[in-house]
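Notes follow the structure.
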Amino acid sequence: MDSQDAVFRALADPTRREVLDLLFARDGQTVGEVCAAFDDRMSRFGVMKHLAVLSEAELVLTAREGRSKRLFLNPVPIEQVANRWISKYAARFTSALVDLQEHVENPPETAEGPAS
């Protein structure tokens, strides 16, 4: 699977996005801490499956610390997707908005004088 395909697949699920939000709020949580955040909705096994998808997309990196594993957010793949897909398509529209702002703030002058 292409790395960007893996990122899109990982981001497609709301639970996985919630895991990323948890790690954004406090990076370096243990697997147990992340699983505890979902105790009321999902089994540990279910959370582990989501973590595997996030790990495959390299959005979550793990580091062993004794008998526990710490999870760390890796925002680089998201930035790569944004640069490749979002920025490219937004550039045309943002350029048009900048041109419109320039036109509104500095209207062109006509032969009869400044535009009113």
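Rule-based calculations on the coordinates, nothing more; no lab input. Because the structure is a prediction, the values reported are computed rather than measured. Cβ: placed from backbone, ideal geometry, glycine included. Neighbour counts: every protein chain shown.
Once you have a ≥ b ≥ c as the square roots of the Cα gyration tensor eigenvalues for the range 26-107, tell me rounded if a/c is under 1.5, and otherwise prolate or oblate according to whether a/b is larger than b/c. The shape class here is prolate. Taking the number of Cβ atoms within 10 Å of each Cβ as an exposure proxy, the fewest-first ranking of 105, 56 is 105, 56. Using a cutoff of 8 angstrom between alpha carbon atoms and counting only pairs six or more residues apart, the relative contact order for the range 4-102 works out to 30 percent. With only the Cα atoms considered, the range 10-66 has a convex hull volume of 80 Å³ per residue.
Nearest 10 degrees is fine. How inclined is helix 44-56 to the longest principal axis of the chain, computing both from alpha carbons? Here the helix axis deviates by roughly 50 degrees. Between residue 26 and residue 69, the distance separating the two model label sites (each 7 Å from Cα on the Cα→Cβ line) works out to 2.0 nm. Considering only 32, 46, 66, the mean-square fluctuation computed in a Gaussian network model of the chain, springs between alpha carbons under 10 angstrom, is largest for 66.
Of 38, 24, 93, the residue with the greatest mean-square motion in the GNM of the chain, using alpha carbon springs below 10 Å, is 93. With each label modelled as a point 7 angstrom along the Cα→C-beta vector, the residue 52-residue 109 pair spans 7.1 nm. When the Cα positions of 71, 15, 100 are compared along the charge dipole of the chain, 71 comes out farthest toward the positive end, with charges on each C-beta of Lys, Arg, Asp and Glu. For the chain, a Gaussian network of Cα nodes joined below 10 Å ranks 106, 83, 74 by mean-square fluctuation, and the top entry is 106.
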